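Down below is the structure, laid out as structure tokens.
The values are calculated or read from the model by the stated rules, or taken from the named source; none is laboratory data. Predicted model, so just to flag it, every value in this text is computed and none were measured. Using ideal geometry, Cβ is built from the backbone for each residue, glycine included, and neighbour counts are taken over all protein chains shown. All accessible areas refer to the heavy atoms of the entire protein, side chains included, with ligands and DNA or RNA removed. Shrake-Rupley method; radii C 1.70, N 1.55, O 1.52, S 1.80 Å.
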Amino acid sequence: MRKCSDCCCVQFCSTSETGVCSKFLFLLPTSACPSSASFYSMASTTRGRSNNDKRQNQRHAVDPNVTEGASASSSSGISKLELVQKAFMAPFTHKKTDSTRILSDLAPVIMTPRMMTSAATVSSRPRQSIAGSSSHRSSFATLGRAPLRLGLGSNRITSGDLQILEAVDDLLEAEVPEPEGVASNISLLRGFNATIPSAEKSKTRRRQMRNVETPRLGLKKLGLTARGLLTEEDDHEGQSVTSEDDVVVVRHPQGAQKKGRESLSAAKKLGKEELLRQSNEIMLDKENIHVKRSLINSEIEEITNKIHALDEIRAKLEQDLIKLQEEELELDDELEGVKNRMKFEQEQATSQKQSSSVQNLHLPPSSRRRKGPAFLPSEHDELPPGVAFMTLDSHTTPITALDFSEPYGTLVSASQEDAQPRVWDLLTGEEIGRLRGHVGAVHCLQVEDHVCLTGGADGNVRLWDLRRVDADDGWGEAEMVSLSDVAEEDEEAPEKEGGSSVRTAEEDPVQKDKTCARVLEGHTQTVTALYFEDECLVTGASDKTLRQWDLTTGQCVMTMDILWAISHPASGTPMSSQSFPSTFAVQTPPYADGTKEMYEDFVGGVQFWGYGLVSGSGDGAVRMWDMRTGQAHRTLLGHTGPVTCLQFDEIHIASGSLDKTLRVWDLRMGGIFETIQFEHAVTALQFDSRKIIAATGENGVKIYNRLSAQTSTLMTNGHMKPVERLRYMDRYLVTGGRDAKLKIWSL
């Protein structure tokens, strides 16, 4: 025994001993000790002896006539596992001779190239210090003071292992379920016996028992020839096709008569025992077929369950993909909203710098084209989605029109048989005033910031300044609203061509309410639809005309006749054969509560963008107009009932009708992009890039997801009668129903 000069290891000269580190149980790699090359040869010699002993043991088991010396030698051979157990389980007396003996016995077992490589990998791996300030290479002395790990794998305890460990008690107490299907009547051993290859031996044996010795017939060659295959004899030209082995020569003695050949089975005698054995084997084979059939059916059922589980996983992943698409569209809208907000604040800063001696009524930009999230109170996030959290119940008749400036802003609502629209503060839910001036019910209105336009049954359109509505003026049932400081016209506006005129509130013979800034007269029947943006206003009425107004001057710029457009269709559009009387009235389909009413709004909706105007009318057509010429250049046909509502953006037009459908039109192609069928008439709608919200003659509000094509319904704390009107911004929705109530929803 000598000590290595290159490291702290000890080398032994005996072939049964090996060199190991004096401070660690693992072996040193060759790179650590240059003189340890002899370790591998000694370990190989020891392993060779162990393998020889093992082979002698195997020969002894086969041949009992081995010598006693061989038996003694084989009995001395101990397996590796027994050697390791003996080394670690035996008492350690802390003597040098004992440690040397233990190391000598363990060396052939653990001194393998794989163990050497693992030890070298562990020793060469850098480790962080406890303080984390620097990293250093671990030495064998450091590793020797660490607890010994028999396994060199990288397995770690996971959270799943901990969950299983925590659930051990519950799993042990749980009842084992009874097997179902194949497992209930077929044991594991029976199924194994039915599927192993040896189960076919009985069938092969019976086939061999039925084989009869006959002269050689050459059947193989006949089969190959029948299939059109070449045989070896075909390659030899000029020779006989049939070989001598395939020729059957039947010799008949001279003078003998030919007689019929006996059956092949007649010469074969099986015996009773063989027949009984074959019968039992056949029954066993039939049982095996039943077991195999049951196992295959079980596998098919298992595959079906897996397919069902995979379908569920696929559906969930598709829903996640749809959510990602919705989030992407939401981000696009938010980005567009940020750009619009930036533009608005720049314009506002510019307008504040410009001083004006005369205070005019400023018309804000339309919120219909506003995108992105709205400004909401922080408490709005605490509301549960899909629930009506506020109810306004001052009206006594069904709601006919509603609109609000912003979430938790100012709401204006109108109802049947009520000429005074109500103004609400959505932050407190209180009514702050009424708009007095119309003679007859108000059928349409629009609110933008502090400006409100209303159209009524008297054929007039009124412009209101909502900043001047105040409930503290003490107005009563027979009193007029007294408001101060309203912008006045510098000069009276004369009557315009076509019978249209504009008046200030002081010139109105009905009342002198300074809340109403202007009155636009021109329509001869009920104004049923209106839309304004910037200083341009478009109105539609039951007199079957559309009028374009300039709100800065109050003049009617253009009149578009729908009846003329019907009788003079655009090129390529089929001629309509409908004729409309002076008074338009159509009975609506039954609502969800069974009620019906007469629908008299010939123009169901209007909206424009730039010079493009879209209108929906009582003939079921959606028309696109050029506001520069006043001509209808395209007509979209598809609805079979009057169009009650519509909206459009850069790509699509959405229209609702009494024919119980909501149709989405593609502006680029001029055709129907999508049709959504409902059970009742569609009376109101609004859409964005992700969803369509519609009032469809039911107590609930329908929400159609444009990405997943799925429809949901808002019902919680909702209306008691069908919904008639709606308007939403971001996650804030206001609805009005035939129960004369207004509901505020959180989306």
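In region 388-437, what count of residues is obtained for those that are of a type in the set (Lys, Arg) and either without any contact (Cβ under 8 Å) to a residue 40 or more places away in the chain or assigned to a loop (DSSP other than H, G, I, E, B) (or both)? Result for region 388-437: 2. Just checking, does region 599-620 include any residue being more than 16 Å from residue 531 (Cα to Cα), part of a strand (DSSP E or B), touching a residue at least 12 places away in the same chain (Cβ under 8 Å) and small (Gly, Ala, Ser)? The answer is no, given that none of the residues of region 599-620 is more than 16 Å from residue 531 (Cα to Cα), part of a strand (DSSP E or B), touching a residue at least 12 places away in the same chain (Cβ under 8 Å) and small (Gly, Ala, Ser). Scanning region 697-720 for residues that are farther than 18 Å from residue 393 by Cα and of a type in the set (S, T, N, Q) yields 705, 708, 710, 711, 712, 713. Scan region 533-548 for residues that are farther than 15 Å from residue 603 by Cβ and crowded, with 16+ Cβ neighbours inside 10 Å and the total you get is 2.
Here's the yes/no breakdown for (1) exposed (fewer than 10 other Cβ atoms within 10 Å of the Cβ); (2) polar (S, T, N, Q); (3) at pLDDT 75 or above:
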{"position": "327", "(1), (2), (3)": "no, no, yes"}
{"position": "332", "(1), (2), (3)": "no, no, yes"}
{"position": "338", "(1), (2), (3)": "no, no, yes"}
{"position": "344", "(1), (2), (3)": "no, no, yes"}
{"position": "356", "(1), (2), (3)": "yes, yes, no"}
{"position": "364", "(1), (2), (3)": "no, no, no"}
{"position": "367", "(1), (2), (3)": "no, yes, no"}
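Here residue 586 passes the criteria (1) closer than 22 Å to residue 368 by Cβ; (2) open to solvent by 10 Å² or more (accessible area, probe 1.4 Å); (3) touching a residue at least 60 places away in the same chain (Cβ under 8 Å) except the one numbered (1). Note on region 702-747: residues that are open to solvent by 50 Å² or more (accessible area, probe 1.4 Å) and under 20 Å from residue 427 (Cβ atoms) total 3. Here is a check on your reading of the model: is residue 385 in a loop (DSSP other than H, G, I, E, B), in contact with a strand residue (DSSP E or B) (Cβ under 7 Å, 6 or more places away or on another chain) and modelled with pLDDT of 85 or more? Spelling it out, residue 385 is indeed in a loop (DSSP other than H, G, I, E, B), in contact with a strand residue (DSSP E or B) (Cβ under 7 Å, 6 or more places away or on another chain) and modelled with pLDDT of 85 or more. Is region 510-527 home to any residue that is at pLDDT below 95, polar (S, T, N, Q) and out of contact with any strand residue (DSSP E or B) (no Cβ under 8 Å at 6 or more places or on another chain)? Yes; the residues of region 510-527 include at least one that is at pLDDT below 95, polar (S, T, N, Q) and out of contact with any strand residue (DSSP E or B) (no Cβ under 8 Å at 6 or more places or on another chain).
For region 621-636, the set of residues classified as outside any strand (DSSP E or B) and surrounded by fewer than 17 Cβ atoms within 10 Å (Cβ to Cβ) consists of 628, 629, listed by residue number.
For region 376-398, how many residues are exposed (fewer than 13 other Cβ atoms within 10 Å of the Cβ) and under 24 Å from residue 442 (Cα atoms)? So the answer is 2. Within region 290-324, can you find the residues that are without any contact (Cβ under 8 Å) to a residue 60 or more places away in the chain and of a type in the set (A, V, I, L, M)? Once the filter is applied, which keeps residues that are without any contact (Cβ under 8 Å) to a residue 60 or more places away in the chain and of a type in the set (A, V, I, L, M), region 290-324 yields 296, 300, 303, 307, 309, 310, 313, 315, 317, 321, 324. Considering the conditions (1) among the polar types (S, T, N, Q); (2) at pLDDT 90 or above; (3) surrounded by fewer than 10 Cβ atoms within 10 Å (Cβ to Cβ), residue 304 is excluded by exactly one of them, (3).
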